[in-house]
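See structure below.
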Amino acid sequence: MEGGVTVADKAEFKECLRLSWTQPYILQLVLSAGIGGLLFGYDTGVISGALLYIRDDFAAVKKSTVLRETIVSMAVAGAIVGAAFGGWMNDKFGRRPSIIIADALFFAGAVIMAFSPTPNIIIVGRVFVGLGVGMASMTAPLYISEASPARIRGALVSTNGLLITGGQFLAYLINLAFTRVPGTWRWMLGIAGVPALVQFVLMLMLPESPRWLYRKGRKEEAAAILQKIYPANEVEQEIDAMRRSVEEEVLLEGSIEHGLIGKLRKALGSKVVRRGLLAGVIVQVAQQFVGINTVMYYSPTIVQLAGYASNNTAMALSLITSGLNAIGSIVSMFFVDRAGRRRLMLISLVGIVVWLAVLGGTFLGAAHHAPPVSDVETRLLANQTQTCPEFNPNVRWSCMNCLKAASTCGFCAHQGDKLLPGACLALNDESRHACRADHREFYTEGCPNNFGWLALIGLGAYIVSYSPGMGTVPWIVNSEIYPLRFRGICGGIAAVANWVSNLIVTQTFLSLTKALGTSATFFLFCCVSFLALIIVFLTVPETKGLQFEEVERMLERNDYKPWKRYHGGIEPAKNSEIGLTTP
């Protein structure tokens, strides 16, 4: 708990397991709140598979890249509003009510999507889901952080990241389970309401954050919760530490206005908050701009771009990347309190840069060796209405030219060897059936090639690099780096930055692959990731092992350098200097 006397610089995951065993109430709080992460992950994973079948069911979605991007990204747009509103709700009403309202919104969105008659109604449902996910994404880590002993706080907050990746893995399993069931995508999206309903019920039985309760003057309730979290011999000192910490904050808070604008103005007037917010926003923006949601939202599509035509095959192979993501989150839980937040992120970014470069090179080679289009093969399969309108037998075309045709076309591979010349057909159900009836594969996203296996290895290595560091650590940093009095509003700002970045990436990825090509798109993300590596190194401090008050004192120091390690026992600053002074 904040203000505790135990220094967390030696915390390890085994301590987390030990305390969870001896104090099971900790685990109950963490897992119940962490279902918000599961909702986040499930939404990310489920739409990637459902989109393949929504595309097949609605002609407008099949023909419009922008409409597909909108179906995916409207949940992100809703999450931006949800995260911003959630920051205010956290400060005003508490962490627990914010999570409960998020569950209700997510459940409503899942039901709307399951019964959607048109793509537009799917989009409405996605907005509702996004509102819920946005609120949960910034509230769940905060609740867990404030209900955790300081020495295992990093490991426990990491469980939220584990549940995010677990939700993604579960979503891919659900997608595979419903591929042959009538109404495939409706089941995939509708069943998303189940974890929201479960968390809604669990949160009704759990208490508010003890830190928030104490701050609001409900001291007896806060003390009762601490008795369930800490061993009996530590409760009194934790209560006393929290009392001193909160009293200091109330004293320092002084004339902070209660309105949103006034509080924001006061927050930005603090050197501590500005430095913390700079680091918090940067890691959240970097988390998205390294391109992770191009993989998680469009993973089956990327697998198809790598040369695997079947929807089922694409989803099955995507399950591997999702599983690696979950494993990476477990690795993070073991090392985040040992290696440190900053170091994990920097190592993660180095791996991301390397593997995005490999992916870019792989897709470049695949495009260069795409099989040609044969006039003979095309005439063999197509009549005048089935041939791709732009195809001219007198002009040399490859599969890539076929897939980039303005009227939307597909490539029917050679019957004997998919790398031999094939046919370029108009993209419709008739041409798809004609191709498959002749025991050929029909490609609509990527072309047949010998590089698909390398793309899958690169994709998996990218996930392994991303998940333990940039996947989970930004949320931990944001749960630790702000003073309590500004934690809600600053956490909301950082979460909004995360979701805005997410929206930019998800709304542009497919359009970028169409405009620039798949390889150039991954090279672009590689360059952005390298820039993120430099900026994170220059702006984000290490918070491992520091109490919340020690983080605040670190950010207040005149000799503060983000790359310099500050240990516990930082010399206290004067009361008039902590958190509210201007430089």
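In sequence order, what are the phi-derived ³J(HN,Hα) couplings for region 517-525 according to the Karplus relation 6.51 cos²θ - 1.76 cosθ + 1.60 with θ = phi - 60°, rounded to whole Hz, with x for glycine and proline?
Along region 517-525, the couplings run x, 5, 5, 5, 5, 5, 5, 4, 5 Hz.
Points 7 angstrom from Cα along the Cβ direction at Asn394 and Gln28: gap in nanometres?
In this crude label model, Asn394 to Gln28 measures out at 8.0 nm.
Going by average Cβ density within 10 Å per residue, which order do the peptides 182-195, 495-508 take, highest to lowest?
On the way: 182-195: 20.4, 495-508: 22.4.
Result, highest mean Cβ count within 10 Å first: 495-508, 182-195.
May I ask you to rank Arg95, Arg265, Arg553 by accessible area, largest first, using a 1.4 Å probe over the protein chains only? Can you show the working numbers first?
On the way: Arg95 5, Arg265 140, Arg553 50 Å².
Greatest to least solvent exposure: Arg265, Arg553, Arg95.
Once you charge only the Cβ atoms, +1 for Lys and Arg and -1 for Asp and Glu, what is the size of the charge dipole of the chain about its Cα centre, to the nearest 20 debye? All intermediate terms of the calculation are to be shown ahead of the outcome.
On the way: 50 positive and 42 negative charges, 92 e Å.
I would put it at about 440 debye.
Tell me the accessible surface of Val66 in square angstrom (1.4 angstrom probe, heavy atoms of protein chains only), to the nearest ten.
Result for Val66: roughly 80 Å² accessible.
For region 301-356, just say rounded, prolate or oblate: build the C-alpha gyration tensor, square-root its eigenvalues into a ≥ b ≥ c, call rounded for a/c under 1.5, and beyond that prolate if a/b exceeds b/c, oblate if not.
Working: a/c = 6.15, a/b = 2.11, b/c = 2.92.
Oblate, because a/c is 1.5 or more while a/b does not exceed b/c.
Tell me whether region 70-125 comes out rounded, prolate or oblate; compute the Cα gyration tensor, take square roots of the eigenvalues as a ≥ b ≥ c, and use a/c under 1.5 as the rounded threshold. Write out the running numbers ahead of the final one.
Details: a/c = 4.62, a/b = 1.96, b/c = 2.36.
Here region 70-125 falls in the oblate category.
If you roll a 1.4 Å probe over the heavy atoms of the protein chains, what accessible area per residue do you get for region 356-464, in Å²?
Numbers: 5020 Å² over 109 residues.
Per-residue value: 46 Å².
Work out, step by step, the length gained on full extension between Arg244 and Trp88: first 0.36 nm times the residue separation, then minus their alpha carbon distance; give nm to one decimal.
Working: separation 156, 0.36 × 156 = 56.16 nm, distance 2.52 nm.
The Arg244-Trp88 span can extend by a further 53.6 nm.
What number comes out for accessible area per residue over region 86-132 if the probe is 1.4 Å? Units Å², please.
On the way: 1690 Å² over 47 residues.
That works out to 36 Å² for each residue.
With an 8 Å Cα cut-off and a minimum separation of 6 or more residues, compute the relative contact order for the chain in percent.
Values: 1127 pairs, mean separation 136.9, N = 583.
It rounds to 23 percent for the chain.
Taking only the C-alpha atoms, wrap a convex hull around region 192-253 and report its volume per residue in Å³ as a whole number. Could you put the intermediate results ahead of the total?
On the way: hull volume 6.5 nm³, N = 62.
About 105 Å³ per residue, rounded to a whole number.
Pairing the Cα long axis of helix 153-177 with the longest principal axis of the chain, what angle in degrees results, from 0 to 90 and rounded to the nearest 10?
On a 0 to 90 degree scale, this one is about 20.
Tell me the label-point distance for the pair Ser511, Tyr560, using the 7 Å Cα-to-Cβ offset, in nm and rounded to one decimal.
3.8
Could you calculate the FRET efficiency of Leu204 with Val111 from 1/(1 + (r/R0)^6), where r is the beta carbon distance between them and R0 is 22 Å, rounded to 0.05? Write down the numbers at each step before the final one.
Numbers: r = 20 Å, r/R0 = 0.90.
Computed FRET efficiency for Leu204 and Val111 comes out at 0.65.
What does the net charge come to around Asp103 if you take all other residues with beta carbon closer than 15 Å to its beta carbon, with K and R at +1 and D and E at -1? Working shown, then result.
Details: positive: Arg95, Arg96; negative: Asp43.
Overall, the nearby charge balance is +1.
Taking all protein chains as present, what is the carbon and sulfur share of the accessible area of the chain, in % to the nearest whole number, probe 1.4 Å? Walk me through the numbers before you get to the answer.
Values: 14030 of 21540 Å².
So the carbon and sulfur contribution to the accessible surface is 65 percent.
Which distance in nm do the two modelled labels at Cys527 and Thr313 give, with both placed 7 Å along the Cα-to-Cβ direction?
Label-label distance for Cys527 and Thr313, simple model: 3.3 nm.
Go through 417-427, 403-413 and give me the packing order, highest mean Cβ count within 10 Å leading. Please report the intermediate quantities before stating the final value.
On the way: 417-427: 21.7, 403-413: 20.2.
Listed from highest to lowest mean packing, they are 417-427, 403-413.
What is the helix-to-structure angle for 292-305, meaning the angle in degrees between its Cα long axis and the longest Cα principal axis of the chain, kept from 0 to 90 and rounded to the nearest 10?
20
Within the chain, what percent of beta bridges assigned by DSSP are antiparallel, to the nearest 5? Mind showing how you got there, number by number?
Details: 8 of 9 bridges.
Counting DSSP beta bridges with both partners in the chain, the antiparallel share is about 90 percent.
As a check on your grasp of the helix formula, calculate [θ] at 222 nm for the chain: sum -39500 (n - 2.57) over DSSP H runs of n ≥ 4, divide by the residue count, round to the nearest 500.
Working: 25 runs with 410 residues, N = 583.
Roughly -23500 deg cm²/dmol at 222 nm, from the helical runs in the chain.
Using the beta-carbon distance between Gln227 and His369 and R0 = 41 Å, what value does 1/(1 + (r/R0)^6) give for FRET efficiency, to the nearest 0.05? Working shown, then result.
Details: r = 67 Å, r/R0 = 1.62.
My answer for the efficiency is 0.05.
Packing-wise, with mean Cβ within 10 Å as the measure, how do 80-90, 520-530 rank, highest first?
Averaged packing, sorted descending, gives the order 80-90, 520-530.
The values are calculated or read from the model by the stated rules, or taken from the named source; none is laboratory data. Predicted model only: the values in this text are computed from it and were never measured. Note that we place each Cβ from the backbone using ideal geometry, even for glycine, and neighbour counts take in every protein chain shown. SASA here: full protein model, heavy atoms, side chains in, ligands and nucleic acids out. Shrake-Rupley method; radii C 1.70, N 1.55, O 1.52, S 1.80 Å.
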